[in-house]
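Have a look at the structure below, then the notes.
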Amino acid sequence: MKEPAKLIRLYIEGIKTPVLRKKFLVTLLIIALFRLIAHIPVPGVNLSLLKQFFEGNQFLSLLDIFSGGTLANFSIAALGLNPYINASIMLRLMTMVIKKLEDLSKEGEYGRAKIDQYTRIITIPLSILQAFSMYGILRSQNIIPTVSPLLLAALILSMTAGTMITLFLAELINQYGIGNGVSVIIFAGIVARYPVSIMQTSSTIGSSGLFNLLAFLVLALILTLGIVFVEEAVLRIPIQYAKKITGGKVYGGQSTHLPLKVDTAGVMPIIFALSLATIPSMIAQFMSTLNQESLSSLADSISRFLSPGSNSYTIFYFILVVVFTYFYTGVVFKPKDVAEDLRKSGAFIPGIRPGNATEKRLSFLSSRVTVIGAVFLGLVAIIPSIAQNLTGITTLTVGGTSLLIVVSVIIELTRKVENVVQMYRYEKFSY
């Protein structure tokens with residue numbers, strides 16, 4: 001990560017770059033539109049009771065991360081991108097099992113477009129299911145009064161439409177803006193909630209809790225520095241190009257390196273893990289609304305075992321982050337493809353034969369590097385929860401959990417800005 005002064009200069013130069021300036025403006029416009037949608041409420045909801053319910057429910061506060069703060073207002077975009085993230089996880093797992101999907105994923109741009117289309121299609125029934133589950137949870141708390149079937153259908157359809165509109169905005173950012181659309185939408189929602197969390201914390205703690213708050217902030221700063229360090233850490237694999245003699249002249253023979261990031265998967269494992277970790281609690285909340293004693297007791301057991309903030313939930317969350325880091329690294333970095341590209345370009349790792357031997361070496365190095373990044377991300381993911389239990393500060397629950405996403409998205413945006421700026425400099429020089 002760059003020094004703050006250099007980082008500011010980089011973004012100022014990026015704003016002066018015509019291409020980036022346009023991307024920045026489009027991204028900001030889309031975020032503003034998303035925040036406008038976030039304040040369009042679903043009819044028939046008692047907002048005062050809803051706020052009281054959220055203050056005492058840590059699970060819904062975590063789920064609110066992926067809705068970009070819209071769930072607390074119960075707007076038409078209350079589900080946010082959570083159904084899409086779950087659909088994406090399902091498709092990626094199915095790609096590893098179903099041969100046709102695996103072959104489709106290898107067909108370049110066309111294959112990726114088809115898989116994205118399937119993901120969007122699966123998002124619709126998942127949105128309907130989650131909207132009905134959310135209705136059941138809020139109905140059990142009398143936050144939503146008894147409604148007619150027609151009004152219930154309108155409520156579910158409006159929430160489903162809100163999810164698809166949010167997904168459309170995220171894809172517009174991918175196409176015309178800057179950064180990953182899903183990450184940017186979630187990032188915007190998290191940042192928008194920071195002032196509210198800080199004000200709530202400052203109003204609820206007294207002088208005795210000031211030390212705990214300072215300790216919490218110091219820990220957040222240390223975690224931020226650790227995330228930046230791991231995000232920037234790379235393993236430099238030496239690469240040697242073969243020499244070629246043409247017309248009495250020697251070509252090639254250069255030495256370079258292949259950078260292998262410690263955190264190749266970036267922020268996506270955290271998003272996937274937190275999204276999946278909320279599913280058991282959501283199912284339990286919905287089951288508790290049913291008038292069946294066996295289901296209610298099962299829901300109570302799930303809630304106690306996987307309730308956010310509990311030790312079992314912390315361990316479950318840690319395991320999910322580690323697993324998804326390995327899973328997503330395997331999707332992003334493919335040793336077989338890298339080894340083939342090196343062989344075609346006449347490059348090799350010194351002391352390693354091209355082909356299968358290079359693939360095995362890259363797989364070995366990738367697995368060893370990934371375990372460092374996976375364990376670190378898992379620890380960073382659970383440390384804020386541990387700190388909240390120790391300090392007693394619960395109003396910063398979302399802030400602590402979302403710290404990973406915020407820092408990772410900023411680093412990702414900085415890299416993309418730097419790449420575009422360097423490309424623009426090169427184009428000016430070439431002319």
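Rg/Rh for segment 94-161 stands at 1.24; both radii use Cα atoms, and Rh follows the Kirkwood definition.
If you keep only loop residues by DSSP, which trypsin sites (Lys or Arg not before Pro) in segment 105-174 have at most 16 other Cβ atoms within 10 Å of their Cβ? Kindly include the intermediate steps, with their values, before the conclusion.
Numbers: sites: LYS106, ARG112, LYS114, ARG120, ARG139; in loops: LYS106.
Listed in order of number, the matching sites are LYS106.
With 0.36 nm allotted per residue and the present C-alpha distance subtracted, the ILE222-LYS360 stretch has 46.1 nm of extension available. Quick check: at a probe of 1.4 Å, how many percent of the accessible area of segment 71-174 sits on carbon and sulfur atoms? Using a 1.4 Å probe with all protein chains present, segment 71-174 comes out at 67 percent carbon and sulfur. Given a cut-off of 25 Å, name the pairs among LYS99/LYS344; LYS114/LYS344; LYS261/LYS336; LYS6/LYS261 whose C-alpha atoms lie farther apart than that in the structure shown. Violating the 25 Å Cα-Cα cut-off are LYS99/LYS344; LYS114/LYS344.
The values are calculated or read from the model by the stated rules, or taken from the named source; none is laboratory data. Source: prediction; values computed, not measured. Every residue, glycine as well, gets a Cβ built from its backbone with ideal geometry; the counts of neighbours run over all protein chains shown. Only protein heavy atoms, including side chains, enter the accessible area calculation; ligands, DNA and RNA are left aside. Shrake-Rupley method; radii C 1.70, N 1.55, O 1.52, S 1.80 Å.
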